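Asks: For reference, the structure I am asking about is given below.
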């Protein structure tokens, strides 16, 4: 995962992307996961009365403004208990990845010669393996911490603070606590080496912050393959930080709107679930002992679950079974869950996925990039551009709201207390028609 270095087990890309990658690499193709609800962390934070946070690497002013805009929280700096002795070297630009490997090897040899441990942070697992191959070819002993290693993280870190120890990591190592041995501290502490220029000052600060902890000596260095000047590179990173800030604020706003829609939908689900007895009474009134005997028993077009339920319904009606009987009561419980599942599937596919497609077509990244390109050309247009973007946001929200209102009329009918959804479901499956909320 970008900027985390962690493998997110169980997570899958949507819109067929994960299946495409599985086919490409000859991996058995799994079904696309269905997401009935998607929440981002800003929604959760609003559920608490008071919020406090502590970070050793809060980031730049852009990231502080982002926190204020998303969470409504201000920030302030707390002086460290011990002054930092870490020496942060200026970033070093090189021509290619090959040069980064050369510089990395030089840094490793220097640290080993001086009895200092070194943490090498790589942007990808692949590059961490390239560094490992280089060190192995030079006969340099080292440990890997890239989420693909065989040893446990605890075991690796237990030796990472020894004099001359070499640890190669992805950004998964940015939050590690490397305990230095006394000799390592005496020799100058840990050297934290980044083999890439991080997108975020916060990420860079976290990796640098592995060295010089709690007033210990240490140093950090950034290597970056780039064909532009350091000033231009920093300007590009600053622009990216601004773009990411606006993007995150936009995502938080969208999460709040969609969560409001979700609350309304799942309130219907809760009402439907609580109205079980009323729905049973409705069935007793609507279903006479011979009401469906003449309907078609052809169930070939139904799913296995729907066909089994339809067969039981037809059997009970053919036997003129009382809708208040235990047999009907057990069956209604099954039908109740099936209708609820159909509604949730409709919510996930006809609304959630459709909303995702609308948001994707909106292409917020391109709009934000356009905003800053114009700002660089003519800063006086900032206010006008912001108004245009706000209008675009409102149009997007209204489009999704219209979609929600269109589907919610069906959900309210399907999940009503009067049992109309259950009646509609029975009518369709008894005729051999695959159940569809649009026809309830």
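FYI, it's all coordinate maths here, none of it is from the lab. Just so you know, these numbers come straight off a predicted model, no measurement behind them. Here the Cβ positions follow ideal geometry from the backbone for every residue, glycine too, while neighbour counts run over all protein chains shown.
Asks: Go ahead and run the numbers for FRET between residue 387 and residue 436, Cβ-Cβ distance against an R0 of 51 Å, rounding to 0.05.
Replies: It comes to 0.75.
Asks: Assign one of three labels to the stretch 327-395, namely rounded, prolate or oblate, based on the Cα gyration tensor with a ≥ b ≥ c the square roots of its eigenvalues; rounded applies when a/c is under 1.5, prolate when it is not and a/b is larger than b/c, and oblate otherwise.
Replies: Prolate.
Asks: If you don't mind, another one. Quick one: order 24, 253 by neighbouring beta-carbon count within 10 Å, fewest to most.
Replies: 24, 253
Asks: To the nearest 0.05, how large is the calculated FRET efficiency for residue 94 and residue 260 if R₀ is 45 Å and r is the Cβ-Cβ distance?
Replies: Between residue 94 and residue 260 the formula returns 0.35.
Asks: Any chance you could run the full-extension gain for residue 154 through residue 326? It's 0.36 nm times the residue separation minus the Cα-Cα distance, nm to one decimal.
Replies: 56.1 nm
Asks: Quick check: residue separation of residue 231 and residue 45 times 0.36 nm, minus the Cα distance between them. What number comes out in nm?
Replies: So the extension gain works out to 63.2 nm.
Asks: Counting only DSSP beta bridges with both residues in the chain, tell me the antiparallel percent, nearest 5.
Replies: In the chain, approximately 0 percent of DSSP beta bridges are antiparallel ones.
Asks: At residue 84 and residue 274, where each label point lies 7 Å from the Cα along Cα→Cβ, what is the point-to-point distance in nanometres?
Replies: 5.3 nm
Asks: Can I ask one more? Just to verify a number: FRET efficiency for residue 267 and residue 106, C-beta to C-beta distance, R0 = 60 Å, to 0.05?
Replies: E between residue 267 and residue 106, to the nearest 0.05, is 0.45.
Asks: If you don't mind, another one. Stokes-Einstein diffusion coefficient for the chain at 25 °C in a medium of 0.890 mPa s, Rh from the Kirkwood formula over Cα pairs: what value in µm²/s?
Replies: 91 µm²/s
Asks: Could you work out Rg/(2.2 N^0.38 Å) for the stretch 317-440, with Rg from alpha carbons only?
Replies: Cα Rg divided by the expected 2.2 N^0.38 Å: 1.71.
Asks: What number, rounded to the nearest 500 deg cm²/dmol, is the helix-based mean residue ellipticity at 222 nm of the chain, given -39500 (n - 2.57) per DSSP H run of at least four residues and division by all its residues?
Replies: Result for the chain: -17000 deg cm²/dmol, rounded to the nearest 500.
Asks: From the Cα gyration tensor of the stretch 121-235, with a ≥ b ≥ c the square roots of its eigenvalues, which class applies: rounded if a/c is under 1.5, or else prolate if a/b is larger than b/c, or else oblate?
Replies: Judged from the Cα gyration tensor, the stretch 121-235 comes out oblate (a/c at least 1.5, b/c at or above a/b).
Asks: For a protection proxy built on the mean count of beta-carbon atoms within 10 angstrom, sort 49-57, 373-381, 198-206 highest first, please.
Replies: Put in order of decreasing packing, that is 198-206, 373-381, 49-57.
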